[in-house]
Amino acid sequence: MRHSYRSALVTGASSGIGVSFARRLAAGGCRLVLVARRQERLAALAEDLRRRHDVDVEVLPADLTTPSGLDAVTARLTAGDPIELLVNNAARSARGTFAELSPETIDAQLQLNVVALIRLAHTAATAMVARDYGGILNVSSMASLTASPGTAVYAATKAFVTALTESLYAELDGTGVHVTTLLPGFTRTEFHTANDVEVSYLPSVAWLDADTVARAGLDAVAAGRPVAIPGPQYKLAAATVRLLPRAALRQLAHRYRRV
Ligand SMILES: NC(=O)c1ccc[n+]([C@@H]2O[C@H](COP(=O)([O-])OP(=O)(O)OC[C@H]3O[C@@H](n4cnc5c(N)ncnc54)[C@H](OP(=O)(O)O)[C@@H]3O)[C@@H](O)[C@H]2O)c1
């Protein structure tokens, strides 16, 4: 059965893949709650979506690394117009090896990519199970599948997201609530500039566009599939990763590390 969610809350909706999620959902007539820190960007996007698609769009500015920001978004998941789809998309990374990162930078990644994501997923799942209907799309990364020297903390947070989602998918089977994890490869957004991550060495074949990635994730959660991997190059990479022994993957990561 294919689901057509009538309302969605999207985190990280002020740029990149989050904007693509919002545009695609609005085009399908879905009511939206847009979450990020940059209120002006959310307001401009909301205005554009209302004008183009005649849908209700709420703007909820929040810093998900702060208790008050996380509380505000959690509260919206349980009050007001019920949210049928949660898109847990906001995340950050940081430049530097593990030893170079400051404790604050590590904490900020854990807080946003792990603590906020699991709190929102838990709040949404509880409300959705009670209604016997809903979807949760947790944005992970191809980095969750392998060792990632140079972005060790980020990759570990994404491994958490993939592992959590696969467990929840099985646990929630039969409840009417679907949980999907989306594993993008390199995608052209503000992510690498915002997080000072070096990507100039990458060949053009490595790159995906945000609309392709968002479509793959939304299609998968609507169809009740547990995992979405956009792009033929990354589908092949994921299949190879599954076939190779873990020790071989570690050797490859070591040989091709850029730090
Ligand atoms: N781009 C890639 O190559 C790639 C690859 C694999 C996975 N991903 C994943 O895809 C997702 C979307 O990333 P993207 O590429 O679209 O990156 P992006 O353009 O940098 O967007 C990140 C979004 O997260 C929001 N955000 C950052 N810190 C926040 C905070 N403290 N509280 C609330 N919102 C916050 C940002 O908005 P504000 O700054 O306005 O708060 C922005 O809307 C992430 O989960 C990322 O890990 C991306």
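The values are calculated or read from the model by the stated rules, or taken from the named source; none is laboratory data. Only a predicted model underlies this, so the values are computations on that prediction, with no experimental measurement involved. When we count neighbours, we look across all protein chains shown, and the Cβ atoms used for this are built from the backbone with ideal geometry, even at glycine. Heads up: the accessible areas ignore ligands, DNA and RNA and are worked out on the full protein's heavy atoms, side chains in. Shrake-Rupley method; radii C 1.70, N 1.55, O 1.52, S 1.80 Å.
Given a 1.4 Å probe and the protein chains as shown, GLU190 ends up with an accessible area of around 70 Å². Think of the stretch 1-159 as having a plus end and a minus end, set by charges on the Cβ of Lys, Arg, Asp and Glu; of LEU64, THR74, GLY18, GLY18 sits farthest toward the positive end of this dipole.
Of the chymotrypsin sites (Phe, Trp or Tyr not before Pro) found in the stretch 106-197, those in coil by DSSP whose Cβ has at most 16 other Cβ atoms within 10 Å are TYR133. Annotation for ILE118 and ARG38: the two label points, set 7 Å from Cα along the Cα-Cβ direction, are 3.0 nm apart. Take the chain with all the other protein chains still there, run a 1.4 Å probe, and you get 48 Å² of accessible area per residue. Dipole magnitude for the stretch 46-194: about 320 debye, using +1 per Lys or Arg Cβ and -1 per Asp or Glu Cβ, origin at the Cα centre. In this Cβ point-charge picture (+1 for Lys and Arg, -1 for Asp and Glu), the chain has a dipole of about 720 debye about its Cα centre.
Ordered by 1.4 Å accessible area with all protein chains kept, MET128, MET142 run largest first as MET142, MET128.
Can you order the peptides 68-78, 228-238 by their average number of other Cβ atoms within 10 Å per residue, highest first? Please report the intermediate quantities before stating the final value.
Numbers: 68-78: 16.4, 228-238: 17.9.
So the peptides 68-78, 228-238, ranked by packing, come out 228-238, 68-78.
Sorting THR65, THR123 by solvent-accessible area of protein heavy atoms yields THR65, THR123, largest first, with a 1.4 Å probe. Remark: the GLN251-ARG51 segment gains 66.8 nm on full extension, using 0.36 nm per residue and subtracting the alpha carbon distance.
Split the accessible area of the stretch 18-123 by element, probe 1.4 Å, and carbon with sulfur accounts for 52%. Under a Gaussian network description of the chain, with springs only between Cα atoms under 10 Å, the residue in LEU218, LEU64, LEU208 that fluctuates furthest is LEU208. Spin-label model, VAL227/ASP196: points 7 Å from Cα along the beta carbon direction are separated by 3.4 nm. Comparing VAL179, ALA239, VAL115 along the charge dipole axis of the chain, the residue lying farthest to the positive side is ALA239, per the Cβ-charge model. In summary, the stretch 75-228 shows an alpha-carbon radius of gyration equal to 1.07 times the 2.2 N^0.38 Å reference for compact globular proteins. Charges were assigned to the Cβ only: +1 to each Lys and Arg, -1 to each Asp and Glu. The resulting dipole of the stretch 1-125 about its Cα centre is roughly 440 debye. Qualifying trypsin sites (Lys or Arg not before Pro) in the stretch 1-61, where qualification requires a DSSP coil assignment and no more than 16 other C-beta atoms within 10 Å, comprise ARG2, ARG6, ARG37, ARG38. Near the amide H of VAL179, within less than 5 Å, lie the amide hydrogens of ILE136, all on another chain or at least 5 residues away, with H placed in the peptide plane.
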